[in-house]
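The values are calculated or read from the model by the stated rules, or taken from the named source; none is laboratory data. Remember, it's a predicted structure, so these values are computed and weren't measured experimentally. Please note: Cβ atoms are built from the backbone with ideal geometry, for glycine as well, and neighbour counts cover all protein chains shown.
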Amino acid sequence: MFDAIVFTCEHAGNKVPENYTQLFKTDPEIIETHQGWDPGALEAAKYLSSNLKAPLFYADYCRLLVEPNRSIGFPDFFSDFTDILPDAEKQALIEEFYMPYRTEVEAFLEHLIYSDRNVLHLSMHSCTPELNGSKRELDVSFLFDQERESEMRFCEDWRNALQKADHNLLIRFNYPYLGTDDGFTTHLRKLFPDEKYAGIEIEINQKYPLGEDKIAWKNLQENLLKSLSAVISK
């Protein structure tokens, strides 16, 4: 089905260059929270990509500067901390952080697809276990476009393989967000046809990377690798 796999991680870190730290002087701790980055996402992305010998691209700047997983002009493209900046300073953020990452990934995928490769793009994320007082009911979730047959079929196969590896996991589809919401994969689907490109976002509950049970986190990563390897080797 696929002969090229590419991993990305849009919320890999929470780096804030020194010349931008004053933006967060009213709430400096926020960059350490789930609002500033996706804890564990880069660790999982590195583990999977290294074992599968697949390329990995990631943005390690704080998403509160500018959101790498949103389209320019989308309501939360800028955070409350940066939305108040003059247009020239907003444009500087886009040019310094957003465009280099998005352009590099897009160009790499375009090269593969124009070389007649069938690309599986796996975008690694993590989500907070609780938001606004509501518990999120998932261990892992796959976000995709149900109208794209290759994505639907792949996610069904991966879910089955992952459930076989650990029947206790709660595996969801398009939760807590829809795979068709504005995001990098949604943008890329507009550029590349279904038969050449499948873009899947993987959401991991942050209770694993941030929890005290490090064995459970290790086992989850191993089971993700085991199940993914089984599916792509078909």
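Does the range 67-74 contain any residue that is among the charged types (D, E, K, R) and either in contact with a helix residue (DSSP H, G or I) (Cβ under 9 Å, 6 or more places away or on another chain) or under 21 Å from Met124 (Cα atoms) (or both)?
Residues of the range 67-74 among the charged types (D, E, K, R): 67, 70.
Still in the list and also either in contact with a helix residue (DSSP H, G or I) (Cβ under 9 Å, 6 or more places away or on another chain) or under 21 Å from Met124 (Cα atoms) (or both): 67, 70.
Within the range 67-74 (the criterion being among the charged types (D, E, K, R) and either in contact with a helix residue (DSSP H, G or I) (Cβ under 9 Å, 6 or more places away or on another chain) or under 21 Å from Met124 (Cα atoms) (or both)), the answer is yes, since at least one residue qualifies.
Is there any pair linking a residue in the range 171-189 that is more than 19 Å from Leu228 (Cβ to Cβ) to one that is in a helix (DSSP H, G or I) and β-branched (Val, Ile, Thr), with Cβ under 9 Å and at least six apart or on different chains, and which?
Thr180/Thr186; Phe184/Val105; Leu188/Val105
Between a first residue in the range 8-37 that is over 26 Å from Leu48 (Cβ atoms) and a second residue that is at pLDDT 95 or above and among the small types (Gly, Ala, Ser), which pairs have beta carbons less than 8 Å apart while being 6 or more apart in sequence or on different chains?
Ile30/Gly36
Given the conditions (1) among the hydrophobic types (A, V, I, L, M, F, W, C); (2) more than 16 Å from the chain's Cα centre (by Cα); (3) surrounded by 15 or more Cβ atoms within 10 Å (Cβ to Cβ), which single one is not true for Ala88?
Failed condition: (3).
Tally the residues that are surrounded by 15 or more Cβ atoms within 10 Å (Cβ to Cβ) and part of a helix (DSSP H, G or I), restricting the search to the range 158-197.
Number of matching residues: 12.
Does any residue of the range 88-100 turn out to be among the charged types (D, E, K, R), part of a helix (DSSP H, G or I), touching a helix residue (DSSP H, G or I) at 6+ places or on another chain (Cβ under 7 Å) and touching a residue at least 12 places away in the same chain (Cβ under 8 Å)? Give the derivation first.
Within the range 88-100, the subset among the charged types (D, E, K, R) is 89-90, 95-96.
With part of a helix (DSSP H, G or I) added as a condition, the list becomes 89-90, 95-96.
Filter once more, so that each one left must be touching a helix residue (DSSP H, G or I) at 6+ places or on another chain (Cβ under 7 Å): none.
For the range 88-100, residues among the charged types (D, E, K, R), part of a helix (DSSP H, G or I), touching a helix residue (DSSP H, G or I) at 6+ places or on another chain (Cβ under 7 Å) and touching a residue at least 12 places away in the same chain (Cβ under 8 Å): absent.
Note down all Cβ pairs under 8 Å where the first residue falls in the range 54-69 and is over 20 Å from Pro86 (Cβ atoms), the second is of a type in the set (Val, Ile, Thr) and buried (at least 23 other Cβ atoms within 10 Å of the Cβ), and they're at least six residues apart or on different chains.
These pairs meet every condition: Leu56/Thr8; Phe57/Thr8; Tyr58/Thr8.
Failed condition for Tyr208, given (1) farther than 14 Å from Arg148 by Cα; (2) part of a helix (DSSP H, G or I); (3) out of contact with any helix residue (DSSP H, G or I) (no Cβ under 6 Å at 6 or more places or on another chain), with all others met?
It fails just one condition, (3).
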